[in-house]
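Presented below is the structure to which this report refers.
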Amino acid sequence: MEIGTVLPQLEIGDDPATLVDYTQRIEAAGYDHLLTYDHVLGVDPSWDDWEGPYDNADQFHEPLTTFSYLAGQTDDIEFVTGILILPQRQTALVAKQAAQLDRFADGRFRMGVGVGWNPHEFIALGEDFGERGRRIEEQVDVLRQLWTEDIIDFQGEYHRIEELGINPRPVQQPIPIWMGGMAEPVRRRVGRMADGWMPQFQPGDEDAESMLQDVYDAAEEAGRSPDDVGIQGRMYAVPGEREDWIERAEAWAELGADYMAISTMYQDLDSPEAHTAHLEDVADELGDAGLL
């Protein structure tokens, strides 16, 4: 199992030099990948009906441009969107941007995508929230064609691409597409068409193993091997709880995760330096346990 970190973008600030320092130091500490979340727009929390977990005060660095900036200042670390809200974006533009990032990173990019949950964001970006499930399936097909073929001729429910292509195409052809989300239709979609799943449960949670089995069953029904579907876990590393860090990481490994990212957000770490220093401490502990 390869271990990375979740960019603490709600707490790391907006200084580009800080982002570079954080990324270079976690790479030097031995972490394999850097995962980040995505939101384009934030809602004014004064809306009477607003109950979402984020609003306009929460900071989200745009994943593809941020990773493109960091790619040229790192050597080995992989960049992962966890997740990019694909149905609210133009598919061909995402294909172009992701291909450019993959070039800058020399193939160190894995694209996690999902359908999203904020209808207001979809409206502002000109897309239909109610169509997002069907649209993402067609988008995945379009992306893979654009990344692997010079010219494509595609006619679908949401796309008409008539003898067009992107140039340059990515190093990885195609870029791996992983999916996030927990709903039953999402689990079946993952099994049918994704390179991997980014579940939100923790090992030992009720229904965790049955949800994984849903994914594997859907893969077999689609003529795929369950081994073709990777698993990306996430965990918190609470400061001071060293034994818990090891137990949580081992639990993900025992569940069969291929990747696991450590989040330091919401842990009362009061500066970017505190996040980075804590992750270096965690890396030492996991390294001593033979996990990193």
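For this structure, a couple of remarks:
- Within the stretch 182-207, tally of residues that are more than 25 Å from GLN100 (Cα to Cα), open to solvent by 20 Å² or more (accessible area, probe 1.4 Å) and in a loop (DSSP other than H, G, I, E, B): 9
- On the stretch given as the stretch 214-224, residues that are touching a helix residue (DSSP H, G or I) at 6+ places or on another chain (Cβ under 9 Å) and more than 21 Å from GLY112 (Cβ to Cβ) total 3.
- Pairs, first in contact (Cβ under 8 Å) with a residue 24 or more places away in the chain in the stretch 254-275, second among the polar types (S, T, N, Q) and assigned to a loop (DSSP other than H, G, I, E, B), C-beta under 7 Å, six or more apart: HIS275/THR264
- Unique residue being at pLDDT 95 or above, open to solvent by 10 Å² or more (accessible area, probe 1.4 Å), out of contact with any strand residue (DSSP E or B) (no Cβ under 6 Å at 6 or more places or on another chain) and assigned to a loop (DSSP other than H, G, I, E, B) when the list is GLN97, GLN73: GLN73
- Residue in the stretch 18-32 that is in contact (Cβ under 8 Å) with a residue 12 or more places away in the chain, within 23 Å of TRP197 (Cβ to Cβ) and either polar (S, T, N, Q) or touching an Asp or Glu at 6+ places or on another chain (Cβ under 6 Å) (or both) present: yes
- Just one of (1) in contact with a helix residue (DSSP H, G or I) (Cβ under 9 Å, 6 or more places away or on another chain); (2) of a type outside the set (D, E, K, R); (3) at pLDDT 95 or above; (4) open to solvent by 10 Å² or more (accessible area, probe 1.4 Å) fails for TRP50. It is (3).
The values are calculated or read from the model by the stated rules, or taken from the named source; none is laboratory data. Quantities reported herein were computed from a predicted structural model and do not represent experimental measurements. Backbone-built Cβ (ideal geometry, glycine too); neighbour counts: all protein chains shown. For accessibility, only protein heavy atoms count, side chains too; no ligands or nucleic acids. Shrake-Rupley method; radii C 1.70, N 1.55, O 1.52, S 1.80 Å.
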